[in-house]
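A.B. asks: Just passing along the structure, written as structure tokens.
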Amino acid sequence: MAVESGEEMAETVTFAREGALAVLSIDNPPVNALSRSVIEGLIAGFDLFEKDGSADGLIIRCAGRTFVAGGDIALFDNPAFSAEPLNALLDRIAASSRPVVGVLFGTVLGGGLELALACHGRIAAEGTAFGMPEIRLGLIPGSHGTQRLPRLVGLAEAARMISTGEAIGTEKALEIGLIDRIADPMDGAAIADFVGYVASRGRPEPAPLQGRADQEVLDGLRKTAAGKPQEPAYRAVAEALAAAIERPFAEGAAIEADWFARLVPSVPARAQRHLFFAERAAASIPDLPKESPTRSVEQVGILGAGTMGTGIALSFALAGFEVILSDTEQSAIDRAFEGLSDALGAFVRRGRLSDEAAKTTLARIEGAVGAAALASSDLVVEAVFEDMELKLAVARELGSLCNPGAIIATNTSTLDVNAIAAATGRPGDVIGTHFFSPAHIMRLLEVVRGKSTAPDVLQTILRTARRIGKTVVVSGVCYGFIGNRMAEVYMRESEAMQLEGASPQDIDRVIEDPAFLGMSMGPSRMLDMAGVDVGARTVIEWVASGAGPRDPAYRALCRRMYETGRHGQKSGLGYYLYEGRKALPDPDHSALCTGLAAELGIARRKHFPEEEIFERLFFPMVNEAALILEEKIAYRGSDIDVAWTSGYGFPRWRGGPLFMADEIGLARIVTGMEHYAARGGDPYGYWSVAPLLRRLAEEGGRISKWTSQGGRP
């Protein structure tokens, strides 16, 4: 895959002779990325090979833990960037009269696989992964990958790899002809024998056209592209692969190069490059050195066997942890294990797990009645109901029964982690972990750092999160943390517009429209699915605590819906009327809004421009993000983009809400905030512009690039 720059050695490519063979060796840790110096070194080394006519062939290999894992995508933002030097080299390699072989291991992705494809033969270690993940960066392969791969393995396999970005393993690669042999890359005799084999067999013929089957593949690619008009890379895939089977190599390569050059500076590609680096930066905590000590975590305890607790248990078990899942009733444990079996069965049916692996995973989870069973666990995650009094009672119990040094994690989406930590009597051992449902599938883990959380506790959770495959964002303590704090203003405005006369379907349609935002689900459908009752109870508790707004109309709609049993999809009534899972407009909801607006003295109107719907939902989110950054709840603007794209369904091709805000223009957002404040009077300050947002707008800065100068969130 495309990778960021590592620390380069003074000499990243060396040329040497080993007996009758020449060897080009790449050493550019950590992942041998195709940086400028590596490309220059490969060109110089190949020049030496061509001058050394006595060498029987050339081996291209890598030092370290992997073959080339991709290109240096940091180069793409340089206006002078060009793939031409590498591509010209690959043409020279492919045209060499003497055999050139790639010795592959680790992760052979993106530009690394394109380098291997130019070789005349490929030999790989067991366990090597191969992929073309450029589509996940809004790009297509730019160094002849769309042309060489289908000619080697056939259109269907090439289309699958390039259009999905999914990697394949060694056995699959051998089966489709991507590699020629599997062998130990350190076995010199096997490598030399392979070079002789490649020399004797000559050049393999291109994969034959499959007629109607290939046409069906192309039709499928074009259909996918038509359904993703905001992501031009999918159209590029279709056109470049069509050229691979319909045109000579040089013409196809020219089509690929033209598309690649257009895609690199496009907004979707820049957005996804932003996220690529943002996800790596999010795990870096300014005042937490990478070498910070950690605590040992072998056994994980989960308190609460509901949907969330069961999903959390499965996340850990899938990663190899021994898990104890506890609840107060055996019936809850029994239901949890039924859910675990169903989830693992679905993994097996989809090919994600073998039957044996599913059985092994389930065997790692032990059910138990009562919290006492968790006393020996190294990490205990409480996943009980989102109620502060219950959380505090559980915290007191866990604080007394858990072993000294055990980490206590509270899974909460809004509650005060500092108060929960204090209730344990050992606040240094406590941290917040906001998993997203379903926890064994959703990527995001929002880690909430309390004011007393010990550094080794934070470091342990960060490393454990990576082990269970989560994308991590660290937040400070406030209502809703990062994601839900922004979602709160989003829902506030959605409900306010409904009381003023907009329908849930009008609002959802705008938010789901790629021309405006492109979310898979608008705010009303989202809350209906999550449970109106869950959101309403949280709001009611927040307002009752005195910490929430004093506005009597604040989220009045969801509170009234909760009181009248409109709890969303599970009750068949919410913002919509449900027939199964099908959401239908509901006249009763409209009547409820009309009556509630009259009670609160809110004037209604018939027409809501789409632009207004978008601005009233999106602009306050950006403003709230600026406040989150000013208050050091988040370290970076890019952390907020990671949270929303990994946990809330924000389109990756948008780059996250703050990257999108930068593209819209912060000055436009400030002007919009001021417009809506003036129009409604803004008695509760909902439209007050955050000082950071105003300053960045005046300076022409980018909020997605903003970083606090160290310190705790």
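Values in this text are rule-based calculations from the coordinates and carry no lab data. This one's a predicted model, so the numbers in the text were calculated from it and none came from an experiment. Glycine gets a Cβ as well: all are built from the backbone with ideal geometry, and neighbour counts include every protein chain shown.
A.B. asks: So, with +1 on the Cβ of K and R and -1 on the Cβ of D and E, and no other charges, what is the size of the charge dipole of the stretch 72-190 about its Cα centre, to the nearest 20 debye?
C.D. replies: Dipole magnitude for the stretch 72-190 comes out near 300 debye.
A.B. asks: Same structure again: So if I restrict to the alpha-carbon atoms in the stretch 547-588, what is the Rg, and what is Dmax, the biggest pairwise distance, in Å?
C.D. replies: Rg and Dmax of the stretch 547-588, Cα atoms, are 12.4, 38 Å.
A.B. asks: Which loop-located trypsin sites (Lys or Arg not before Pro) does the stretch 321-412 contain, where loop means any DSSP state but H, G, I, E or B and the Cβ has at most 12 other Cβ atoms within 10 Å?
C.D. replies: 350, 352
A.B. asks: Out of all DSSP beta bridges with both ends in the chain, state the antiparallel percent to the nearest 5.
C.D. replies: Details: 17 of 63 bridges.
Of those bridges, close to 25 percent are antiparallel.
A.B. asks: Against the globular-protein guess of 2.2 N^0.38 Å, express the Cα radius of gyration of the stretch 200-350 as a ratio, rounded to two decimals. Provide the component values of the computation, followed by the final result.
C.D. replies: Working: Rg = 25.0 Å, N = 151, 2.2 N^0.38 = 14.8 Å.
Compared with the compact-globule rule of thumb, the stretch 200-350 sits at 1.69.
A.B. asks: Add +1 for every Lys or Arg and -1 for every Asp or Glu among the other residues with Cβ under 13 Å from the Cβ of residue 376, and state the total.
C.D. replies: Around residue 376, the surrounding residues sum to -4.
A.B. asks: Another one. Given the Cα-Cα distance of residue 16 and residue 215 and 0.36 nm per residue of separation, how much length would full extension add, in nm?
C.D. replies: Contour length minus Cα-Cα distance gives 67.0 nm.
A.B. asks: Once amide H atoms are placed 1.01 Å from N in the peptide plane, what residues at a sequence separation of 5 or more from residue 433, or on another chain, have their amide H within under 5 Å of its amide H?
C.D. replies: 410, 411, 412, 448
A.B. asks: Provide the FRET efficiency to the nearest 0.05 for the residue 291-residue 590 pair, computing r from the beta carbons and using R0 = 56 Å. Show your work: numbers first, answer last.
C.D. replies: Values: r = 60 Å, r/R0 = 1.06.
Step by step, r from the Cβ atoms, then E = 0.40.
A.B. asks: For helix 388-401, what angle does its Cα long axis make with the longest principal axis of the chain, in degrees from 0 to 90 and rounded to 10?
C.D. replies: For helix 388-401, the angle is close to 60 degrees.
A.B. asks: 5 Å is the cut-off here: which amide hydrogens, built 1.01 Å from N in the peptide plane, fall below it relative to residue 574, excluding neighbours closer than 5 in sequence?
C.D. replies: 568
A.B. asks: Starting from the stretch 218-275, pick out the chymotrypsin sites (Phe, Trp or Tyr not before Pro) whose DSSP state is loop and whose Cβ has at most 15 other Cβ atoms within 10 Å. The partial results should precede the final answer.
C.D. replies: Working: sites: 234, 249, 259, 260; in loops: none.
Loop-located and lightly packed - none at all.
A.B. asks: Next question. Taking 0.36 nm per residue of separation and subtracting the Cα-Cα distance, what length does fully extending residue 372 through residue 81 add?
C.D. replies: Length difference between fully extended and current span is 98.7 nm.
A.B. asks: Still on this structure: Run the helix sum for the chain: -39,500 (n - 2.57) per DSSP H stretch of 4+ residues, divided by residue count, reported at 222 nm to the nearest 500 deg cm²/dmol.
C.D. replies: The per-residue figure over the chain is -15000 deg cm²/dmol.
A.B. asks: Still on this model: Treating the beta-carbon of each Lys and Arg as +1 and of each Asp and Glu as -1, no other charges, what is the dipole magnitude of the chain about its Cα centre, to the nearest 20 debye?
C.D. replies: Roughly 420 debye for the chain.
A.B. asks: Remind me, relative contact order of the stretch 13-263 in percent, using alpha carbon pairs under 8 angstrom and six or more residues apart?
C.D. replies: Relative contact order here is 16 percent.
A.B. asks: Further, regarding this structure: Using all alpha carbons of the stretch 299-475, what is the percent of pairwise distances in each 5 Å bin, ordered from the shortest bin to the longest?
C.D. replies: Percent of Cα pairs in each bin: 1, 9, 19, 23, 22, 15, 7, 3, 1, 0.
A.B. asks: Let me ask something else. Simple spin-label model, 7 Å along Cα-to-Cβ: residue 266 to residue 228 in nm?
C.D. replies: Between residue 266 and residue 228, the label points sit 1.0 nm apart.
A.B. asks: What is the calculated FRET efficiency for residue 600 to residue 331, with r their C-beta to C-beta distance and R₀ = 56 Å, to the nearest 0.05?
C.D. replies: The formula returns an efficiency of 0.85 here.
A.B. asks: Show log10 I(q)/I(0) for the chain at q = 0.12 Å⁻¹, two decimals, from a solvent-free Debye sum over equal Cα scatterers.
C.D. replies: Debye output, listed in q order: -1.38.
A.B. asks: How many nm separate the modelled label positions at residue 205 and residue 95, each set 7 Å beyond the Cα in the direction of the Cβ?
C.D. replies: 2.5 nm
A.B. asks: Further question: With +1 assigned to the C-beta of every Lys and Arg and -1 to the C-beta of every Asp and Glu, and no other charges, what is the dipole magnitude of the stretch 13-263 about the Cα centre in debye, to the nearest 20? Write down the numbers at each step before the final one.
C.D. replies: Numbers: 23 positive and 32 negative charges, 53 e Å.
In debye, rounded to 20, the stretch 13-263 gives about 260.
A.B. asks: Under 15 Å from the Cβ of residue 539, count the other residues' Cβ atoms, weight Lys and Arg +1, Asp and Glu -1, and hand me the total.
C.D. replies: -1
A.B. asks: Working from Cα positions, state the angle (0 to 90°, nearest 10) between the long axis of helix 36-51 and the longest principal axis of the chain.
C.D. replies: Between the helix axis and the principal axis of the chain, the angle is about 10 degrees.
A.B. asks: Let me ask another. Give me the one-decimal nm value for the distance between modelled label points at residue 534 and residue 582, 7 Å along each residue's Cα-to-Cβ direction.
C.D. replies: Distance between the two pseudo-spin positions: 2.6 nm.
A.B. asks: Calculate, in nm to one decimal, what residue 65 and residue 359 gain on full extension: separation in residues at 0.36 nm each, minus their alpha carbon distance.
C.D. replies: 102.7 nm
A.B. asks: Calculate the FRET efficiency for residue 43 and residue 174 from the Cβ-Cβ distance with a Förster distance of 30 Å, rounded to the nearest 0.05. Mind showing how you got there, number by number?
C.D. replies: Numbers: r = 30 Å, r/R0 = 1.01.
The calculated FRET efficiency here is 0.50.
A.B. asks: Quick one: helix 84-95 against the long Cα principal axis of the chain, what's the angle to the nearest 10°, folded into 0 to 90?
C.D. replies: Taking Cα atoms only, the helix is inclined about 40 degrees.
A.B. asks: Computed on alpha carbon atoms, what radius of gyration and Dmax characterise the stretch 483-705, expressed in Å?
C.D. replies: In Å, with Rg to one decimal and Dmax whole: 17.0, 51.
A.B. asks: While we're looking at this one, here's another question. Non-local amide H neighbours of residue 608 (under 5 Å, H modeled in plane, Pro and chain starts lacking H): which ones?
C.D. replies: Amide H neighbours of residue 608, under 5 Å, 5+ apart: none.
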